[in-house]
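The values are calculated or read from the model by the stated rules, or taken from the named source; none is laboratory data. Just so you know, these numbers come straight off a predicted model, no measurement behind them. Counting neighbours? That spans all protein chains shown, and the Cβs are built from the backbone with ideal geometry, glycine included.
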Amino acid sequence: MNYCLEVKNLSTAYAGSHFHLDNVSFSVPQGSIMGFVGENGAGKTTTFSSILNTIRRDSGKIEIFGEEMTDEQPDIRNHIGVVFDAINFPGDLTADKLAAVFKDIYQKWDDDLFQNLIRRLQVPAHIKVKDLSRGMTMKLATAVAMSHGAKLLLLDEATSGLDPVVREEMLDLFLEFVEDEEHSILMSSHITSDLEKIADYITFIHNGRIILTEKKDTLLYKYGIARCKSEQFQIVDKLEYLAYRKRGLQIEMLISDKAKFAKKHREIIIDDITIDEIMLLLVKGDQ
Amino acid sequence: MRGLLRNNFYSMASNIRLSLIMAGFLSLVPLVLKESAAIPMILSIQIFLFVVNTGASLRVDETSKWNKFELTLPIRRRTIIGAKYVSFTLLILLGVMMSLLTLGFVYVAGFELDPKIVIYSYGFGLTLSITLVSLMYPIMLKIGTEKNELVVFFSGFAAIGMMLVLAALLAPVTGGMQLRHPLVGMISSCMATILFVISYFVSVHIHRKKEFK
């Protein structure tokens, strides 16, 4: 399998903070969308910043299209599109002025594609960034990220704070982007329902550590949530669940193979699971 | 670099427009003056008028997180810094051009200016402008732009302080401490230019070490 992004044993610590990334490793296969999930402060943005070299890393290796991205080799960034969870652009610029700026920066800036995208997303071309709504700003940032021949999009909370209609438009764009199976996306989001719609893989991060990476379909169709009473829980082997938590009189277990578990424990109820529930059990539950 | 320069000037467009109006107005002042005493000050102010806005522009870069975003572009960090210094240079040149316009109106108005005073005016204006950006930019890069007004004042005072020190050091040559001596203006301009070059390398160093979270 070809990977467009490989993060190997990444560790980063902030001066004056207890938080650190601890041996973070994951890979984004070419032609796929990977969702990057974690609670606030789990390390999503720090991981993105490390990948993009906007912060220093203490150890580890990051390869994009098989190459380490350093300050002395900026050409590789022609193939990366980035959307941060922020304004991104100077407030006094309009979409048209931004296009003029990026035309002189990116090797393969496609002005026709950019104009088509902002028309499709209904981003006004002559209004200053500082006067645009958050939704419009994020759409504009997405249009920029997709208009210079990028093969990898790094989207840090690109859909958070947007209404469902705008989010749907953005998700459609992302799906079109990976259609040819050459393009890939790493997308962090709090809104796990978005990731359920478009992601191929989900990586969970908690307290600066990767706790699970799995195919989304495996998570949704093979993983499950088993609900039982305390006395039933006593007879379940520890190896049969990934995490559990007590909710009132009931115990919920995250299981990685619901068919196998059901065969063995016919008396225990097993439900389908959502990405949100997996995250909650992994983060809040005990092992 | 062209894209970065374009971005820098787009970001400062409204401030530059305002400075142009003010500098244009100042250029016309000699036409209504009855004596030439204020003209040297006008020339110095015009040179300084454009770079003084850069503090606010750097603050916009920080608050909009553009300074983080530009690190994701296919450009080196030293190119980002280089574009800033080229922009500063162009702003100072714009100020010089406006001051030349003033000299044109001085000629039209029929004033005769002492060349020594003109040299001093340019020396003072250039020293103030160049020293200001040379100190202001690396300091803001290091500590952030929250205190940009304070940094601008500090840099301006440092420029005047440098001229005073030079005037004192050159006193044996200029016949006593004469701040308005052309030699003080010329040497202080040269010192400011050297500071500008050093400032570029210092800024590159700070930027390479800086983290943009």
Checklist outcome for this item: Of A:L186, A:L254, the only residue that is within 30 Å of A:A141 (Cα to Cα), in contact with a helix residue (DSSP H, G or I) (Cβ under 9 Å, 6 or more places away or on another chain) and not in a helix (DSSP H, G or I) is A:L186
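The rows are residues; the columns are (1) surrounded by 15 or more Cβ atoms within 10 Å (Cβ to Cβ); (2) in contact (Cβ under 8 Å) with a residue 40 or more places away in the chain; (3) over 15 Å from the mean Cα position of the chain (by Cα).
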site: A:M1; (1), (2), (3): no, no, yes
site: A:N23; (1), (2), (3): no, yes, yes
site: A:M34; (1), (2), (3): yes, yes, no
site: A:V37; (1), (2), (3): yes, yes, no
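Could you look through segment A:138-181, keep only residues that are among the polar types (S, T, N, Q) and modelled with pLDDT under 90, and pick out the one that is surrounded by the most Cβ atoms within 10 Å (Cβ to Cβ)?
If we filter segment A:138-181 for residues that are among the polar types (S, T, N, Q), which is where we start, we get A:142, A:147, A:159-160.
Imposing the further condition that a residue be modelled with pLDDT under 90 reduces the set to A:159-160.
Numbers: A:T159: 26, A:S160: 15.
Per the criteria, the residue is A:T159.
Looking at B:L101, B:L113, B:L31, which one is out of contact with any Gly (no Cβ under 6 Å at 6 or more places or on another chain), more than 14 Å from chain A (Cβ to nearest Cβ), over 20 Å from B:T193 (Cα atoms) and not in a helix (DSSP H, G or I)?
Only one candidate passes the filter, namely B:L113.
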Checklist outcome for this item: Residue count, segment A:199-233, condition surrounded by fewer than 21 Cβ atoms within 10 Å (Cβ to Cβ) and in a helix (DSSP H, G or I), comes to 10
Checklist entry - In segment B:50-85, how many are small (G, A, S) and within 18 Å of B:H205 (Cβ to Cβ)? => result 2
Checklist outcome for this item: Only one of (1) free of Cβ contacts under 8 Å to residues at least 24 places away in the same chain; (2) in a helix (DSSP H, G or I); (3) closer than 30 Å to A:A158 by Cβ does not apply to A:K263, and that is (3)
Item to check | Complete set of residues in segment A:6-21 that are more than 14 Å from chain B (Cβ to nearest Cβ) and surrounded by 23 or more Cβ atoms within 10 Å (Cβ to Cβ) | outcome: A:V7, A:L10
Checklist entry - Residues in segment B:44-98 that are closer than 19 Å to A:I105 by Cβ, among the polar types (S, T, N, Q) and in a helix (DSSP H, G or I): how many? => result 5
Checklist outcome for this item: Of the residues in segment B:53-73, those that are touching a helix residue (DSSP H, G or I) at 6+ places or on another chain (Cβ under 9 Å) and more than 7 Å from chain A (Cβ to nearest Cβ) come to B:N53, B:T54, B:G55, B:A56, B:S57, B:L58, B:R59, B:E62, B:N67, B:E70
Next on the checklist: Take the residues in segment B:162-213 that are farther than 22 Å from B:V86 by Cα and of a type in the set (G, A, S); name whichever of them is nearest to the chain's Cα centre (by Cα).
Outcome noted: B:G185
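Tell me the residue from B:L100, B:L113 that is surrounded by fewer than 22 Cβ atoms within 10 Å (Cβ to Cβ) and without any contact (Cβ under 8 Å) to a residue 60 or more places away in the chain, please.
Checking each option against the conditions leaves just B:L100.
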